[in-house]
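S.K.: Handing you a structure now.
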Amino acid sequence: MHLIRSFTLSVLIIGCFSGTLVAQSYHASTVSARGTQAASDPWWKHAVIYEIYPRSFQDSNGDGIGDLNGITERLDYLQTLGIDAIWLTPINPSPQVDFGYDVTDYNAIDPAYGTLADFDRLVAEAKKRDIHILLDMVMNHTSNQHPWFIESRSSTDNPKRDWYVWRGGKLDGTPPNNPPTNWISSFGHNGWQWDPKTQQYYWHHFYIEQPDLNWENPAVEKAVFDSFRFWMNRGVGGFRLDAVTALFEDPQLRDAKLLPGHNSYGDQLQDNSYYSNLPREHDVMRRLRRLTDTYPGDIVLVGETRLPTEELSRWYGGAKHDELQLPMDLAFGFIDKMDLQQFRHLLSEAEFHLDGNQPLFVFNNHDRPRSLDRYGDGVHNPQIARLLAALLLTTKSAAMMYYGEELGMVTTPPKRKEDVKDPIGRYGWPVQKGRDGERTPMQWDASTSAGFSQAASTWLPLPPSYTTVNVAAALKDPNSLLNWYKQLIAMRRTVPSIHRGDITILNADHPAVLAYARHIEGAPSTLVAMNFTAQPQSITLDAAKHGVSGSHVKTLMSSAGELKSNMSVSFTLPPFATWIGSLTK
Ligand code: GLC
């Protein structure tokens, strides 16, 4: 996979709005079948990880729900897109209250998605295409239907009682109104649930049906770590650790400090530091990393970590690099407005203040409205989508994308409360409509059910846009967003300076344009400039001032067709345009 050879790669680069084609060729001196790669870099370091919500990607058996065989059928598409890994949201058996994030057996596959044999086939077929499969590990909680919890709640002296967080009441009132603390669940309201049979409360950071495991108990760690072994033995490339900052709670059960404002369920906001991001979590992460490192293949640990940069660094193990390799930066991609100052600030934080660790950027996932609904202005959405894609794929960061992002799929929330599938959409209706809108089926083609399923009715309805926004149509259109993503990913693999070069922020005072250079010894530098406004913006890139020099500037990719292929470092960017060029001596 790391075969180094040298050849000249011709890439057709396409101006996206005027319909003009800008053909470029560039020389990549150290290129392998998978692109340019420093021999010492583990595979995940520059990876593009593609999140699949299995219910919604491809249904192979006509029941209206996506499944593992469906994903296997679509691997060729993913290979052509150029991704390195697939993260599957949970596929374990589950009552599906939280669509898999409520597990009843960590070592099996939910029959709705297939069998272990189907999973093994998916891993093997993905491997043939150099694609790693990452599983979601729901470490913080199980389903309340998990045999461990059924035992635990059966009596106070059951051997599994201490596998969950059980406590007596404390606050004023009588059960069920005197919970041990005032802590609120992420999904609204006090997170302690009264159990009339055993006369205690259990803690649930999420839904009532998702009791928290007690990570103070070594037996819990052993059981969960055994499941990591189970899946590593089946050849997975790594894990995404769900809600991993929620494992521990304050042993003294101190009440949270109240903050001004309310959440969408009407609860007063509070400081969650007594039940989130506790120091003990790092001990578990170090032990987990020691375990995964005993397996071959550079197993990667990705974390669901919504934290400021200085905290995020601790999840890598700081300068020791002995915890997660890729805790997600869930601040950068969720700024939720085209705010250049914030992007520039968080970009430099992530690139320069992570103790030499590798950032992981993400703009879309199954928990948040899709990026076009958060960043689009309704007028320049095609340009904004291309800008976000370039930002995701041309910095030093590893990149995570979400199925359908490459098509510009938009959020389609339910119109009526009775259609809502995600429980929080029912609790919080109409302020909180839940997460169904970003989980709609993948839009493959314009046929009935969008090529997602043979069933007339799918588990979530298809957004009406599928007749025009779909893979088949995008593949035929050289100017499509899908082709823009493909070109960016191909370039990220084959252009050494983008693949693994350093980054220097340019024109740091420019009020409207984000610009940076990627550079590496012995290969052309790459310049990137993005207009964050709806007005044209002039810029003279100050690369030379930063020691990134060269006299020939050529356009590699541009979302503004009017920019010429041969350029200088001074130009005007149309509204929300993205320009990527090479700089050679
Ligand atoms: C994570 C998942 C989310 C789930 C929650 C509880 O935040 O991304 O979908 O509901 O954990 O498991």
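S.K.: Please tell me the relative contact order of the range 411-490 in percent, rounded to the nearest whole number, where contacts are Cα pairs under 8 Å and at least six residues apart. Show your work: numbers first, answer last.
M.R.: Numbers: 104 pairs, mean separation 16.1, N = 80.
Relative contact order of the range 411-490: 20 percent.
S.K.: Please work out the average accessible area per residue across the chain, using the 1.4 Å probe convention, and give it in Å².
M.R.: 37
S.K.: For the ranges 210-221, 63-74, what's the packing order if you count other beta-carbon atoms within 10 Å of each residue, average per peptide, and put the highest first?
M.R.: 63-74, 210-221
S.K.: What does the highest-first list of 173-180, 403-410 look like by mean Cβ count within 10 Å?
M.R.: Listed from highest to lowest mean packing, they are 403-410, 173-180.
S.K.: Here is a follow-up. Please report how far the C-alpha centroid of the range 70-96 lies from that of the range 221-266, rounded to the nearest whole angstrom.
M.R.: Centre-to-centre (Cα) distance: 23 Å.
S.K.: So which helices of the chain fit the span-like rule, where a helix is a whole DSSP H run, its Cα atoms reach 15 Å or more along the axis, and its mean Kyte-Doolittle is at least -0.5?
M.R.: 116-128, 218-233, 340-352, 381-394, 481-494
S.K.: Using alpha-carbon pairs under 8 Å, 6+ residues apart, how would you state the relative contact order of the range 303-352 in percent?
M.R.: Computed value for the range 303-352: 35 percent relative contact order.
S.K.: Turning to a different aspect of this structure: Roughly how many Å is it from the Cα centre of the range 294-368 to that of the range 486-554, as a whole number?
M.R.: Cα centres, the range 294-368 to the range 486-554: 22 Å.
S.K.: Now for a separate question. Past 25 Å, Cα to Cα, is the threshold; run Lys396/Lys433; Lys396/Lys545; Lys170/Lys257 against it and keep the listed order.
M.R.: Violating the 25 Å limit, Cα to Cα: Lys396/Lys433.
S.K.: Separate question: Let me spell out the model: positive unit charges on the Cβ of Lys and Arg, negative unit charges on the Cβ of Asp and Glu, origin at the Cα centre of the chain. What dipole size does that give, in debye rounded to 20?
M.R.: Magnitude of the dipole: close to 1300 debye.
S.K.: Which translational diffusion coefficient, to the nearest whole µm²/s, is obtained for the chain from the Stokes-Einstein equation, given a Kirkwood hydrodynamic radius over C-alpha pairs, 20 °C and 1.002 mPa s? It would help to have the intermediate numbers written out before the result.
M.R.: On the way: Rh = 25.0 Å.
Calculated translational D: 86 µm²/s.
S.K.: Run the dipole for the range 331-387 about the Cα centre, Lys and Arg Cβ at +1, Asp and Glu Cβ at -1, nothing else charged, and hand back the magnitude in debye, nearest 20.
M.R.: Dipole magnitude for the range 331-387 comes out near 220 debye.
S.K.: If you add up the charges near His132, with Lys and Arg at +1 and Asp and Glu at -1, over every other residue whose beta carbon is less than 11 angstrom from its beta carbon, what do you get?
M.R.: -1
S.K.: Here's another thing I want to ask about it. Calculate what fraction, in whole %, of the accessible area of the chain sits on carbon and sulfur atoms when a 1.4 Å probe is rolled over the protein chains.
M.R.: On the way: 11390 of 21790 Å².
That share works out to 52 percent.
S.K.: Set Lys and Arg Cβ to +1 and Asp and Glu Cβ to -1, take the dipole of the range 317-417 about its Cα centre, and tell me which of Ala390, Asn364, Pro413 lies farthest positive.
M.R.: Comparing the listed Cα positions along the dipole, Pro413 ranks first.
S.K.: Per-residue accessible area for Thr494 at 1.4 Å probe radius, Å² rounded to 10?
M.R.: 20
The values are calculated or read from the model by the stated rules, or taken from the named source; none is laboratory data. All values reported here derive from a predicted model rather than from experimental measurement. Neighbour counts are summed over all protein chains in view; Cβ atoms, including those assigned to glycine, are modelled from backbone coordinates with ideal geometry. What goes into the accessible areas is simple: the full protein's heavy atoms, side chains included, and nothing from ligands, DNA or RNA. Shrake-Rupley method; radii C 1.70, N 1.55, O 1.52, S 1.80 Å.
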